[in-house]
Amino acid sequence: MIKIWGRRSSANVQKVMWMLGELGLEYRHIPAGGPYGIVNTPEFRALNPNGLVPVIDDDGMVLWESNAIVRYLASQYGGEPFWPSSPRERAGLDKWMDWSASTLQAHFIGLFVSYWRTPENLRDAKKIAALHDNVVNDLMLLGRVLAKQPFLGGDAFSIADIPNGVHLYRFYTMGIPAPSLPNIETYYARLQERPAYREHVMISYDEIRGKLSF
């Protein structure tokens with residue numbers, strides 16, 4: 001059985017949990033990070049010297065970095081459409097996963113930390129507005145793609161959707177007014193139809209509200 005360390009309120013952990021849910025894989029979840037500790041113990045650092053979550057152990061295969069874990073699970077257990085046999089098709093999915101890491105997630109985590117995880121009396125309104133603009137611009141880019149196809153990889157849900165779609169629940173629920181983005185709203189509604197998204201992404205993240213550190 002796959003073991004996964006992490007806190008469920010972590011977006012990076014949610015990527016992996018969502019993937020596990022999509023594949024119907026059995027797993028054992030071990031709360032770690034933030035209020036749950038563990039990550040600074042010698043035992044955990046032997047798994048991930050960075051001291052970060054998520055980490056998985058799949059029968060001795062220890063892996064960290066959320067996108068790498070999603071790719072591994074897709075290739076090991078998923079097959080089509082999660083892990084296409086064509087290198088060209090896989091590259092198209094990888095492109096969106098890497099874009100999420102370098103662009104959308106970088107902007108969204110900055111916004112999330114500056115707004116949700118910062119105590120209200122310490123928030124910088126100008127910084128939040130600038131970060132919000134960056135996220136909206138990123139979503140507008142995705143919206144232009146989603147105007148032509150239902151998912152980022154094409155007609156079928158794939159690993160390209162996981163690192164990008166994981167942030168939409170918080171974008172629409174953390175309390176910052178969102179502009180009209182019809183294609184993103186349709187896409188978000190489509191993701192909400194997936195049981196694994198509802199189970200692992202659409203959950204409370206109240207435990208990290210106003211907490212810049214644990």
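Computed from the coordinates by the stated procedures, all read-outs in this text should not be read as laboratory data. Computed from a predicted structure; not experimentally measured. Glycine gets a Cβ as well: all are built from the backbone with ideal geometry, and neighbour counts include every protein chain shown.
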Inset, instruction - Be a star and scan the stretch 55-99 for residues whose amide nitrogen sits under 17 Å from the point 7 Å along the Cα-to-Cβ vector of ASN40. - result: none
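Cβ neighbours within 10 Å, averaged per peptide: list 183-195, 95-107 in order, most packed at the top. If you can, show how the numbers build up before the last one.
Working: 183-195: 16.1, 95-107: 18.2.
My ranking of the peptides, most packed first, is 95-107, 183-195.
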Inset, instruction - In whole angstrom, note down how far apart the Cα centers of the stretch 48-89 and the stretch 117-146 are. - result: 29 Å
Legend entry - Length added when fully stretched, GLN149-ASN50, from 0.36 nm per residue minus Cα-Cα: 31.9 nm
Inset, instruction - Could you list which residues have their amide H under 5 Å from that of ILE2, counting only those 5 or more apart in sequence or on another chain, with H placed in the peptide plane? - result: ARG28
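Suppose the chain between VAL62 and ALA178 were pulled fully straight at 0.36 nm per residue; how much longer would it get relative to their current alpha carbon spacing?
37.9 nm
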Inset, instruction - Starting from the Cα of ASP94, step 7 Å along the direction of its Cβ; do the same at MET140; then give the gap between the two resulting points in nm. - result: 3.1 nm
Legend entry - Within the chain, helix-based [θ] at 222 nm, where runs of 4 or more DSSP H residues each add -39,500 (n - 2.57), nearest 500: -14000 deg cm²/dmol
Legend entry - Cα→Cβ-extended label distance, 7 Å offset, between LYS211 and SER85, nm: 4.7 nm
Legend entry - Amide H contacts under 5 Å for VAL55, placed H, 5+ residues apart: TRP5
Inset, instruction - Give me the number: length gained by fully extending MET202 to ARG117, i.e. 0.36 nm times residue separation minus the C-alpha to C-alpha distance, one decimal in nm. - result: 28.8 nm
Inset, instruction - Place a +1 charge on the Cβ of each Lys and Arg in the stretch 2-78 and a -1 charge on the Cβ of each Asp and Glu, then give the dipole magnitude about the Cα centre in debye, rounded to the nearest 20. - result: 240 debye
Legend entry - For the stretch 106-115, 3J(HN,Hα) per residue [Karplus equation, 6.51 cos²θ - 1.76 cosθ + 1.60, θ = phi - 60°, Hz, x = Gly/Pro]: 4, 6, 5, 5, x, 5, 5, 5, 5, 9
